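Below: the structure, in structure tokens.
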Amino acid sequence: MFHIESVFDDSQKYYDSLERELMGLIEGEKNLIANLANISSWIYHAYPELNWSGFYLWDESDQELVLGPFQGKPACIRIKATRGVCGAAYSKGETVRVDDVHAFPGHIACDAASLSELVVPLKKNGKVYGVLDLDSPKTHRFSANAEREFTRIMNKISEKIF
């Protein structure tokens, strides 16, 4: 049903194809969890060298990020807004790219195999609803282009699903 048109090469063509596929997955579906489950799965399988792809959603009552749909090994269930890469991206409302997680103060090691991370806030109308968290077992996995493109794509998706 869905396929990435080109082999991964960090090009605009690749990210445009990824965006089309992700937008197609959520077309006509209103359930947030179903949409996030399909998005995390699609990214995990379409974007090479990942060992985790998933979401943390903000829980207003507990004032922390809570594990949502994901692909990969079991993960930390709750993350304070002041902790780790996910907390930093949520608190700042900005994408955070970390080339080497061991150099990031306060990094939370849910999976010791993760060496680099990209976390993108899910925002609509200035409000942050959660984050997309991508982990790789390779340092320097995420380029500046990946950071820019995942931010662009997730901004578009957030406008549609929240």
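A few remarks follow.
- log₁₀ of I(q)/I(0) at q = 0.13 Å⁻¹ - the stretch 103-162, Debye sum with one point per alpha carbon: -0.39
- For trypsin sites (Lys or Arg not before Pro), the sites in the stretch 7-110 that DSSP calls loop and that have at most 13 other Cβ atoms within 10 Å are Lys30.
- What the phi angles of the stretch 49-56 give under the Karplus curve with 6.51, -1.76 and 1.60, with θ = phi - 60°, is a coupling list of 6, 10, 10, 7, 9, x, 10, 10 Hz, glycine and proline written as x.
- Computed over the alpha-carbon atoms, the chain gives an Rg to Rh ratio of 0.93, Rh here being the Kirkwood radius from the mean inverse distance.
- Per residue solvent-accessible surface (Å²) - the chain, probe of 1.4 Å: 48 Å²
- Aspartates and glutamates whose Cα lies under 19 Å from that of Lys73, excluding same-chain neighbours fewer than 8 positions away: Glu49, Asp111, Glu117, Asp133, Asp135
- Accessible carbon and sulfur surface of the stretch 2-160 relative to its total accessible area, %, 1.4 Å: 52 percent
- Heavy-atom SASA rank of Ser53, Ser11 (probe 1.4 Å, accessible area, largest first): Ser11, Ser53
- Contact order for the stretch 94-162, expressed relative to its length and based on alpha carbon pairs under 8 Å spaced 6+ residues apart, stands at 33 percent.
The values are calculated or read from the model by the stated rules, or taken from the named source; none is laboratory data. These numbers were taken from a predicted model, which means no experiment stands behind them. Using ideal geometry, Cβ is built from the backbone for each residue, glycine included, and neighbour counts are taken over all protein chains shown. Surface areas here come from the heavy atoms of the whole protein model, side chains and all, with no ligands, DNA or RNA. Shrake-Rupley method; radii C 1.70, N 1.55, O 1.52, S 1.80 Å.
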